[in-house]
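The values are calculated or read from the model by the stated rules, or taken from the named source; none is laboratory data. These numbers were taken from a predicted model, which means no experiment stands behind them. Here the Cβ positions follow ideal geometry from the backbone for every residue, glycine too, while neighbour counts run over all protein chains shown.
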Amino acid sequence: MQESRLGTRLRLGVQVLIGLAVLTVTEYAISAALPRGAIFPLIVIALAKAGLILRYFMHMAQLWRPEEH
Amino acid sequence: MSSLPLAHAGHSALHRLSINRLGLWLFILSESCLFAAVISSRYYLQGLHRPAELNQLLGLAITAVLLLSSLSAYRAETAIAHDDQRGFQRNMLVTIGLAGLFLVGVGVEWAEGFHFFPPSSGFGTAFFTLTGIHAFHVLSGALVLSLVYLSGRGGRFGAKRYWPVEGSVKYWHFVDVAWVVIYPTLYLVS
């Protein structure tokens, strides 16, 4: 049981990293394809990446649900 | 009756952990204000100007290194929360190694930057200030992770007691979040 919970959590970490990698490549491609006026999509992508880290890596929800790991 | 003191002890430990977490989040919030001020000064002073000589591939590479280090830090915390000592130690070492690699990358970028956009230029001021403050945070984060790794080698932490691991890893993720905003600010917008 403990083993499977650990495995699930480790897989979640890999999934989040894949999401972050896809978003990073997307912002890089946007910057290369739209050399001017690309600031809005870049801000949205940066906020999405920060949100992923805050939600899944930093467990921000523990602030209002202390028992959650 | 006898379970009451145990229940109280458990509640007290959870309360203390909540206070620890709140304190760390407040610290992170204050640090975020510092980064927000420096990032906004980049736009105020330079607008969207970006020098063509900026090494885009190196910027992307060090971003990838930092994102990978966030995964290994997450795995270290998850491992110790499940009493996996070997997984904790291995992933802490990987995180510390990736932190060192990131700092080497920043060093290479600085060597190029001094040549193409020195600190006395407008963009150079923003670039060296932002990357310098961030690199200092990376260095301090790596030092804290190293201390936690060294003190945890003897099995000091476990599933029931791992706040030092959680705290240092949270700080490391914050360093990553800061870079997630700094990277497009310096390398991508134009």
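Some points to look at:
- Each residue in segment A:22-58 was checked for being surrounded by 15 or more Cβ atoms within 10 Å (Cβ to Cβ), facing chain B (nearest Cβ under 9 Å), of a type in the set (Gly, Ala, Ser) and assigned to a helix (DSSP H, G or I), and 3 pass.
- Residue match in segment B:48-59 (condition: farther than 24 Å from residue B:157 by Cα and among the small types (Gly, Ala, Ser)): yes
- Out of B:48, B:54, B:93, one residue alone is at pLDDT 95 or above, touching a helix residue (DSSP H, G or I) at 6+ places or on another chain (Cβ under 8 Å), hydrophobic (A, V, I, L, M, F, W, C) and closer than 27 Å to residue B:105 by Cβ. It is B:93.
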